[in-house]
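Written below as structure tokens is the structure these notes are about.
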Amino acid sequence: MTKDRKLIIAGNWKMNKTVAEAVDLVTTLKRDLADVKEVDMVVCPPFTALCEVSKIILDSNIRLGAQNMNEHPNGAHTGEISAQMLKEFSVRYVILGHSERRADQGETDELIARKAQAAHAAALKPIVCIGETLEQREANETEAVLETQLRGSLAGLTAEQMTETILAYEPVWAIGTGRTATPEQAQEAHRFIRSVLAQMFDDTVARRVRIQYGGSVKPDNARDLMSQPDVDGALVGGASLEARSFTAIIRNSI
Ligand code: 13P
């Protein structure tokens, strides 16, 4: 592949896996993916499994991500987890603003921007999620929605921080539905996202930022999606819960 951005493929395990199941899965991944150098590989277990998973992948080519964090450094925020707490487990990445959290917890672009700033302050790389609903796509609002989310969720980041931020384009209608965006639809959205980054920052930043596609990525569609010029990886939900399918997605993307 001739892209100058290294692919980054992350598994978002969502609210799945006990500690024992997480240990099983990551042990198999570590063994089966030990030779992979071409792709940055990340697993994002639930908070409860971070500690054990972290120990297993310490000496491997797999990196650790979390699925959320609080925007404050500490304090009276019952039930929340700070960036510093994540760092205790060698977490490097944190998913922010997933559409499930935007819907279930009412997360706004403004909150996501504060979380992204807090992540960078702690030297964690945010994976900022954006994407339109089916209703918005059918009303031809996709680009307007993406632009609003980008300008809102990335507000206040410096060019340097932006370069260290991963974006995940996840059309809401493709998540967990088995209905993937076509490679052309993904490419069109990713190219648009890059054009907005060029306006918000500059061409160099736009060229460097890695943009993942997420939404029903499977072993049999990974190759076509990853070969699009502006698609730089994947954020995988369901298919990241089994070693065989996550491994196949990575192998098929190289
Ligand atoms: P699925 O791969 O299960 O569609 O989930 C995608 C996703 O939401 C990843 O964050």
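The values are calculated or read from the model by the stated rules, or taken from the named source; none is laboratory data. No experiment lies behind these values; they were computed from the predicted model shown. Heads up, the Cβs are rebuilt from the backbone with ideal geometry, glycines too, and the neighbour counts pull from every protein chain shown. Each accessible area value is taken on the protein alone, full model and side chains, heavy atoms only, with ligands, DNA and RNA left out. Shrake-Rupley method; radii C 1.70, N 1.55, O 1.52, S 1.80 Å.
At a glance:
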item	result
HN-Hα J in Hz across segment 112-127 - Karplus 6.51, -1.76, 1.60, θ = phi - 60°, x for Gly and Pro	4, 4, 5, 5, 5, 5, 5, 4, 5, 4, 9, 6, 9, 8, x, 10
Cβ-based charge dipole, the chain, positive-most Cα from ASN16, GLN117, MET41	MET41
Helical contribution to [θ] at 222 nm, DSSP H n ≥ 4, -39,500 (n - 2.57), averaged over the chain, rounded to 500	-13000 deg cm²/dmol
Listed residue (ALA159, VAL128, GLY176) projecting farthest to the positive dipole end of segment 127-190, Cβ model	GLY176
Packing-based ranking, highest mean first, of 157-170, 118-131, 81-94 given that Cβ atoms within 10 Å are counted	118-131, 157-170, 81-94
Segment 42-165, accessible surface, carbon-and-sulfur percent (1.4 angstrom probe)	49 percent
Segment 1-22-segment 123-167 distance, computed between alpha-carbon centres (Å)	20 Å
Solvent exposure ordering (accessible area, 1.4 Å, most first) of MET200, MET69	MET200, MET69
Residue-span extension gain [GLU52 to HIS72] - 0.36 nm each, minus C-alpha spacing	4.7 nm
Pairs beyond 24 Å (Cα-Cα), from LYS3/LYS55; LYS3/LYS87; LYS55/LYS87; LYS17/LYS37; LYS55/LYS115	LYS3/LYS55; LYS3/LYS87; LYS17/LYS37; LYS55/LYS115
Amide H contacts under 5 Å for GLY233, placed H, 5+ residues apart	ILE8, TYR213
The chain - accessible surface per residue (Å², probe 1.4 Å)	45 Å²
Total charge dipole magnitude, segment 159-212, about the Cα centre, Cβ charges on Lys, Arg, Asp, Glu only, Debye to nearest 20	140 debye
Cα centroid separation - segment 199-225 against segment 172-191, whole Å	11 Å
Rough spin-label spacing in nm, given labels placed 7 Å along Cα→Cβ, for GLU135 and ASN16	2.7 nm
Label-point separation, LYS87 to ALA34 (7 Å along Cα→Cβ), nm	3.2 nm
